[in-house]
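Only one structure is covered here, and it is reproduced in the block below.
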Amino acid sequence: MALALILMSIMGCARSSTEAVEAPDFSLPDLNGDVLSLRDFRGKPVILVFWRVNCPSCEYQMPFLQAFYEKWSNDKVVLITVNVGEPAGLVGEYVSTHGLTLPVLLDTRQGVAQNYGIIGVPFTFFIDDEGMLRAYRVGPFQDREAIEKAVRTVFPGLEM
């Protein structure tokens, strides 16, 4: 069964729980061809965002993700975005055109998205410092502050 459906049954409508499931590890290339693994970020909480170029909701939230990344990421929390199913050239052009510097990984074959049970984009997972899925969000964030609030809610011990 898809991970998202499992999470939904565990987490119910609250979208978070004290019961956690281990996040499936993965290795994907970034736009420079460097391969990153989820396991590389153990020891810090991770915000994992699945998105597509041709998704209006994804485009809407991208400036907020970039602003969050510039303020917080890699200091206390790691932000990783995963483009689902689109060619590297298209994604690279989008990133360049929008002046994005946040990490973008390429899931061109959609294998990672399938492992996570992604049913649409944007889809965000909150993974704790031990690699456990703690919460998820379907749909876009409305601003950077909403991302910060979600992080503080899911990881209350994290000082931001």
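Just one of [x] 9.9; [y] 8.5; [z] 12.5 is mean projected area of the Cα convex hull in nm² calculated from these coordinates, so which is it? So the structure-derived entry is [y]. Gap in Å between the Cα centre of region 49-64 and the Cα centre of region 103-160? Taking the Cα centre of region 49-64 as reference, the centre of region 103-160 is 13 Å away. Decide, for region 70-128, between rounded, prolate and oblate: order the square roots of the alpha carbon gyration tensor eigenvalues as a ≥ b ≥ c, take rounded if a/c falls under 1.5, and otherwise choose prolate if a/b is larger than b/c, else oblate. Oblate, since a/c reaches 1.5 and b/c is not below a/b. For the chain, modelled as a GNM whose springs connect Cα atoms under 10 angstrom apart, the maximal fluctuation among ASP25, ASP129, ASP107 occurs at ASP25.
Restricting the count to DSSP beta bridges whose residues both fall in the chain, what percent are antiparallel, rounded to a multiple of 5? For the chain, the DSSP antiparallel bridge percentage is about 60.
What is the dipole size for the chain, taken about its Cα centre, with +1 at each Lys and Arg Cβ and -1 at each Asp and Glu Cβ, in debye to the nearest 20?
300 debye
A Gaussian network model of the chain, with springs between Cα atoms under 10 Å, assigns the largest mean-square fluctuation among LEU36, LEU65, LEU106 to LEU36.
Computed from the coordinates by the stated procedures, all read-outs in this text should not be read as laboratory data. Remember, predicted model here, so these are calculated numbers, not experimental data. Positions of Cβ are generated from backbone atoms using ideal geometry, with glycine treated the same way; all protein chains shown enter the neighbour counts.
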